[in-house]
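Reviewing the structure listed below.
The values are calculated or read from the model by the stated rules, or taken from the named source; none is laboratory data. This one's a predicted model, so the numbers in the text were calculated from it and none came from an experiment. Neighbour counts run over all protein chains shown; Cβ positions are idealised from the backbone, glycine included. Areas reflect the complete protein model, heavy atoms only, side chains present, ligands, DNA and RNA absent. Shrake-Rupley method; radii C 1.70, N 1.55, O 1.52, S 1.80 Å.
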Amino acid sequence: QVQLVESGGGLVQAGGSLRVSCAASGYTFSSYSMGWFRQAPGKERQFVASIGTSGTNIYYADSVKGRFTISRHNSKNTVYLQMNSLKPEDTALYYCAARFGSGLAVVTTQYAFWGQGTQVTVSS
């Protein structure tokens, strides 16, 4: 009964900030690297950021570097994505995903577990 539940999405003005969270259960959270992906209508799912099991190994998509920060709290089985300086093109359904091991991956097929997503809408 693996579950990844995203929360914290909403409507924000361009230039604003938002933090989305992903609460995980049903597996050993600390044994899995975690990733954030997003998908806009009519677009393919896009890699955003990933974080290794300990939280020290981190990788970002070029489009969000300097604006987004991924973090995790293993004791709370939760991964976060802090989004600053938001742009309308950041509007998407944001998904968290889990991949066994500490290695990072940017392709969706490398991730075993997925949440249902939380909607982030950035107005212009």
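Go through the residues of region 66-85 one by one and say whether even a single one is out of contact with any Lys or Arg (no Cβ under 8 Å at 6 or more places or on another chain), more than 13 Å from residue 18 (Cα to Cα) and hydrophobic (A, V, I, L, M, F, W, C). No; the residues of region 66-85 include none that is out of contact with any Lys or Arg (no Cβ under 8 Å at 6 or more places or on another chain), more than 13 Å from residue 18 (Cα to Cα) and hydrophobic (A, V, I, L, M, F, W, C). Here residue 26 meets the list (1) surrounded by fewer than 20 Cβ atoms within 10 Å (Cβ to Cβ); (2) closer than 15 Å to residue 115 by Cβ; (3) within 13 Å of the chain's Cα centre (by Cα) almost entirely, failing just condition (3).
To keep it simple, each residue is scored yes or no on (1) in contact (Cβ under 8 Å) with a residue 60 or more places away in the chain; (2) at positive phi; (3) among the aliphatic types (A, V, I, L, M).
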{"residue": "30", "(1), (2), (3)": "no, no, no"}
{"residue": "36", "(1), (2), (3)": "yes, no, no"}
{"residue": "44", "(1), (2), (3)": "no, no, no"}
{"residue": "47", "(1), (2), (3)": "yes, no, no"}
{"residue": "53", "(1), (2), (3)": "no, no, no"}
{"residue": "58", "(1), (2), (3)": "no, no, yes"}
{"residue": "64", "(1), (2), (3)": "no, no, yes"}
{"residue": "72", "(1), (2), (3)": "no, no, no"}
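A count restricted to region 93-124 and to residues that are on the phi > 0 side of the Ramachandran plot and at pLDDT 95 or above stands at 1. If you go through region 82-105 and keep only what is under 17 Å from residue 40 (Cα atoms), open to solvent by 50 Å² or more (accessible area, probe 1.4 Å) and of a type outside the set (D, E, K, R), you end up with just 88. Taking the criterion of being of a type in the set (A, V, I, L, M, F, W, C), crowded, with 16+ Cβ neighbours inside 10 Å and in a loop (DSSP other than H, G, I, E, B), the residues of region 34-79 that qualify are 61, 64.
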